[in-house]
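First comes the structure, then the notes that go with it.
The values are calculated or read from the model by the stated rules, or taken from the named source; none is laboratory data. Bear in mind that the values here come from a model prediction, so they are computed numbers and not experimental data. FYI the Cβ positions are ideal-geometry reconstructions off the backbone, even for glycines, and counts take in every protein chain you see. Surface accessibility is based on the protein's heavy atoms, side chains included, excluding ligands, DNA and RNA. Shrake-Rupley method; radii C 1.70, N 1.55, O 1.52, S 1.80 Å.
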Amino acid sequence: MDKEILYKIILAGSKAPSGGNSQPWKFRVKDNAIEVIALPEKDHPILNYKNRGTYIAHGALLENMEIAANYFGYEMNYQIFPDKNLSFKITLKENKNLKDEDGLYEAIFKRSTNRKHFSLNQLKKEEKEFLFKEVSKFNQCEFVYVEDKDKIQEIAKELAWDTYLNLSNKELHKLMFNEIIWSEKEEKERQGHGLFVKTMELKPQEEKVFKLLKYWPIANLFKKLGILKNIYKSIFQMYSACGLFGFLAVRNNDEDFIYLGKLMQNIWLRATKLKLGFHLITGIPFLWQGINFGGLKIFSDKEKELINNIYFKIKNISGFKNEVLALNFRLGYSEGPSANSFKKEPEIEFM
């Protein structure tokens, strides 16, 4: 198989989103076969419960690769978790009848997180039909969306506590500011691993305050003085500015989190194609899993109660019953983001 096409398919995969832009993968290639190796140690050590954050990222990677393979006229077959540390074994077979019907290949290279305030206008019927066109193919996942403005306000009020927890809990605070990248130069030096501050869409004054908050004694003082509540209100206003909230849930099954990431990415690419803003919000669902399934011990009883209450309020609004609520996202009409995350060249071993 043409190595250049193989490279382009893998490059498309490596453009997938990942927690803290950790890009937790590498690739091994022999002939027309690709092995995708998971590197969960690169991912967020608290939010990555049972490596499921890594699996979601690998699901998005798989979706990108399949779209790219079809674009170049190749059929892609894959095995999930065929061996220890392998997410997938992929084989490619030429099939000129395949094509990128919805034009998502180009969207792979334009997709980005958008944390701006979106328009409050609801999306058009035809836009939602395009966005959610493939949802029914993913029987491993449950998906719902909410457009009601009152419910959006309620959801935003709950999910905004995620940022408050990141600033007020000492362990989360440490991890968060270890991931913050303060300049383009630093981003290139770190190969993009981390969250570039410009993607947070902070106003100049907000960025100055945020730089102060990287010092734990100041963040802790702000918490005691109630100043962090003002930051919570700002996040709430941003979260509530959207056309809809989407929710994805799966069974408590590792493999399903791969399909979850695949479906998430399909919706995200379609949003990109329509030039809509898309903002993934994952903190509360993963903290809830860590507390209730993994014995995560960094929280006080009061913080645990807050996380549990938020999780079940959101789950009640979304209508899920027995599934694990895994992802939330906000979506709407918006200007493009002010900055994008840096993606390093994929690490490929040709055998």
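Kindly state which helices (runs of 4 or more DSSP H) lie completely within the range 130-189 and contain at least 3 residues that are open to solvent by less than 40 Å² (accessible area, probe 1.4 Å). Break it down stepwise before answering.
Values: elements: 149-159, 161-168, 170-179, 184-189.
In the range 130-189, 149-159, 161-168, 170-179 are the helices (runs of 4 or more DSSP H) which contain 3 or more residues that are open to solvent by less than 40 Å² (accessible area, probe 1.4 Å).
I'd like the full set of residues that are open to solvent by less than 20 Å² (accessible area, probe 1.4 Å) and either under 24 Å from residue 158 (Cβ atoms) or touching a His at 6+ places or on another chain (Cβ under 7 Å) (or both), limited to the range 196-236. Show your work before the answer.
Step one: filter the range 196-236 for residues open to solvent by less than 20 Å² (accessible area, probe 1.4 Å), giving 196-197, 199, 210, 213, 219, 228.
Hits for the range 196-236 are 199, 210, 213, 219, 228.
Spot the failing condition for residue 300; the list is (1) at pLDDT 95 or above; (2) within 30 Å of residue 132 (Cβ to Cβ), and only one is missed.
Only one criterion in (1) at pLDDT 95 or above; (2) within 30 Å of residue 132 (Cβ to Cβ) is unmet by residue 300, namely (2).
Residue 292: out of contact with any Gly (no Cβ under 8 Å at 6 or more places or on another chain), surrounded by fewer than 16 Cβ atoms within 10 Å (Cβ to Cβ) and closer than 20 Å to residue 156 by Cα, yes or no? Spell out how you get there, then give the answer.
Values: out of contact with any Gly (no Cβ under 8 Å at 6 or more places or on another chain): yes; surrounded by fewer than 16 Cβ atoms within 10 Å (Cβ to Cβ): yes; closer than 20 Å to residue 156 by Cα: no.
Taking the combined requirement at face value, the residue does not satisfy it.
Tell me which of these residue 255 doesn't satisfy, since it passes every other one: (1) in contact with a Leu (Cβ under 6 Å, 6 or more places away or on another chain); (2) open to solvent by 30 Å² or more (accessible area, probe 1.4 Å).
Of the numbered conditions (1) in contact with a Leu (Cβ under 6 Å, 6 or more places away or on another chain); (2) open to solvent by 30 Å² or more (accessible area, probe 1.4 Å), the odd one out for residue 255 is (1).
Collect the residues in the range 1-17 that are open to solvent by 20 Å² or more (accessible area, probe 1.4 Å) and either at pLDDT below 95 or farther than 24 Å from residue 263 by Cβ (or both), keeping them in residue-number order.
1, 2, 3, 4, 5, 7
Do you know which residues across the range 83-103 are in a loop (DSSP other than H, G, I, E, B), in contact (Cβ under 8 Å) with a residue 40 or more places away in the chain and either open to solvent by 90 Å² or more (accessible area, probe 1.4 Å) or closer than 16 Å to residue 14 by Cβ (or both)?
Our first condition is that a residue be in a loop (DSSP other than H, G, I, E, B); within the range 83-103, this holds for 84-85, 95-103.
With in contact (Cβ under 8 Å) with a residue 40 or more places away in the chain added as a condition, the list becomes 85, 102-103.
The one that is in a loop (DSSP other than H, G, I, E, B), in contact (Cβ under 8 Å) with a residue 40 or more places away in the chain and either open to solvent by 90 Å² or more (accessible area, probe 1.4 Å) or closer than 16 Å to residue 14 by Cβ (or both): 85.
If you check every pair at least six apart or on different chains, which have Cβ atoms under 7 Å apart with a residue in the range 292-315 that is closer than 14 Å to residue 166 by Cα first and a residue that is outside any loop (DSSP other than H, G, I, E, B) and acidic (Asp, Glu) second?
What qualifies is 298/171.
Examine the range 41-49 for a residue that is under 19 Å from residue 113 (Cβ atoms), basic (Lys, Arg) and in contact (Cβ under 8 Å) with a residue 60 or more places away in the chain, and state whether such a residue exists. Spell out how you get there, then give the answer.
Going through the range 41-49, the residues under 19 Å from residue 113 (Cβ atoms) turn out to be 42-44, 47-48.
Imposing the further condition that a residue be basic (Lys, Arg) reduces the set to 42.
Filter once more, so that each one left must be in contact (Cβ under 8 Å) with a residue 60 or more places away in the chain: 42.
Within the range 41-49 (the criterion being under 19 Å from residue 113 (Cβ atoms), basic (Lys, Arg) and in contact (Cβ under 8 Å) with a residue 60 or more places away in the chain), the answer is yes, since at least one residue qualifies.
Could you say which residue among 38, 69, 33 is in contact with a strand residue (DSSP E or B) (Cβ under 6 Å, 6 or more places away or on another chain) and within 30 Å of residue 170 (Cα to Cα)?
Working: 69 fails: within 30 Å of residue 170 (Cα to Cα); 33 fails: within 30 Å of residue 170 (Cα to Cα).
After applying the criteria, what remains is 38.
In the range 43-82, which residue that is polar (S, T, N, Q) and not in a strand (DSSP E or B) is nearest to residue 262 (Cα to Cα)? Even if it seems obvious, please write down each step before you answer.
Of all residues in the range 43-82, those polar (S, T, N, Q) come to 48, 51, 54, 64, 70, 77, 79.
Imposing the further condition that a residue be not in a strand (DSSP E or B) reduces the set to 48, 51, 54, 64, 70.
Numbers: 48: 17, 51: 16, 54: 12, 64: 8, 70: 15 Å.
Only one residue fits best here, namely 64.
Assuming residue 246 fulfils every condition listed in (1) touching a residue at least 40 places away in the same chain (Cβ under 8 Å); (2) surrounded by fewer than 22 Cβ atoms within 10 Å (Cβ to Cβ) apart from one, which condition is it?
The single condition residue 246 does not satisfy is (2).
In the range 2-42, which residue that is within 15 Å of the chain's Cα centre (by Cα) and not in a helix (DSSP H, G or I) is farthest from residue 69 (Cα to Cα)?
That would be 22.
Return yes or no: is residue 63 out of contact with any strand residue (DSSP E or B) (no Cβ under 7 Å at 6 or more places or on another chain), at pLDDT 95 or above, open to solvent by 30 Å² or more (accessible area, probe 1.4 Å) and within 19 Å of residue 5 (Cβ to Cβ)? Full working, then the answer.
Values: out of contact with any strand residue (DSSP E or B) (no Cβ under 7 Å at 6 or more places or on another chain): yes; at pLDDT 95 or above: yes; open to solvent by 30 Å² or more (accessible area, probe 1.4 Å): no; within 19 Å of residue 5 (Cβ to Cβ): yes.
In short, no.
From (1) touching a strand residue (DSSP E or B) at 6+ places or on another chain (Cβ under 8 Å); (2) open to solvent by less than 10 Å² (accessible area, probe 1.4 Å), pick out the condition that doesn't hold for residue 239.
Residue 239 satisfies every listed condition except (2).
Looking only at strands (runs of 3 or more DSSP E) that lie completely in the range 233-351, which have at least 3 residues being within 25 Å of residue 181 (Cα to Cα) and in contact with a Phe, Trp or Tyr (Cβ under 7 Å, 6 or more places away or on another chain)?
Values: elements: 244-250, 276-281, 324-333, 348-350.
The strands (runs of 3 or more DSSP E) meeting that bar are 276-281, 324-333.
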